[in-house]
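I have placed the structure first, in the form of structure tokens, so that the comments after it can refer back to it.
The values are calculated or read from the model by the stated rules, or taken from the named source; none is laboratory data. What you see is a predicted model, and the numbers here were worked out from it, not measured in a lab. Here the Cβ is made from the backbone with ideal geometry for all residues, glycine too, and neighbour counts use every protein chain on show.
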Amino acid sequence: MQDFPRVRITKAGGRVALQLNVDPIDVEGEAYLLTSVRDVTRAISVADELRALVDNLPELAWTARPDGFIDFYNRRWYEYTGATLEDMRGWGWQSVHDPIELPRVMESWIRSIATQQPFDQTFPLRRKDGVFRWFLTRVAPMFDGAGNLIRIFRLFFTTKSAGVGTGLSPAWSTNFARPPSKTALPFPRLRI
């Protein structure tokens, strides 16, 4: 069992985040509980800094757990869609997609979760006033040092800002404006 980190105040007034782990073990036929306490203060600090950075991006963005459950949307997502966290939690994001395009989006998303591969795709999202606007999206799985998938990051660019169809950025137009391919694009695996 792994407990959520708990923040404690030190005698000097500082803060420290501790995580308690309790694992049952068998020693020569007798059951024991092995407990350990780990200082996760720095890991939480880095996660908070990353979340603050993503929350202040001018683009729409979200993160998901390895099973595809979206657990964080940045501020810009809520401003654009007019949705709340409760509206969007888990798989609620489907409600802001064009119903005609949604099956294609779902197919790519589910395949990416299963294969742990990144991908790019274009599709429209409904703005809070009901108008659909096309976005280029990039899905980037994030892995720990041991190669385990720990998080999935998705960033949305308006097709105009991405140069799709505008001629402003030929590299973006060439590499990202095409329909989703059957093969994964050669993106590096993100590691943290």
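Worth a mention:
- Verdict on Arg6 being farther than 25 Å from Phe153 by Cα, modelled with pLDDT under 80 and among the basic types (Lys, Arg): yes
- Residues of segment 90-142 satisfying the condition of being touching a Gly at 6+ places or on another chain (Cβ under 8 Å) and surrounded by 15 or more Cβ atoms within 10 Å (Cβ to Cβ): Trp109, Ile113
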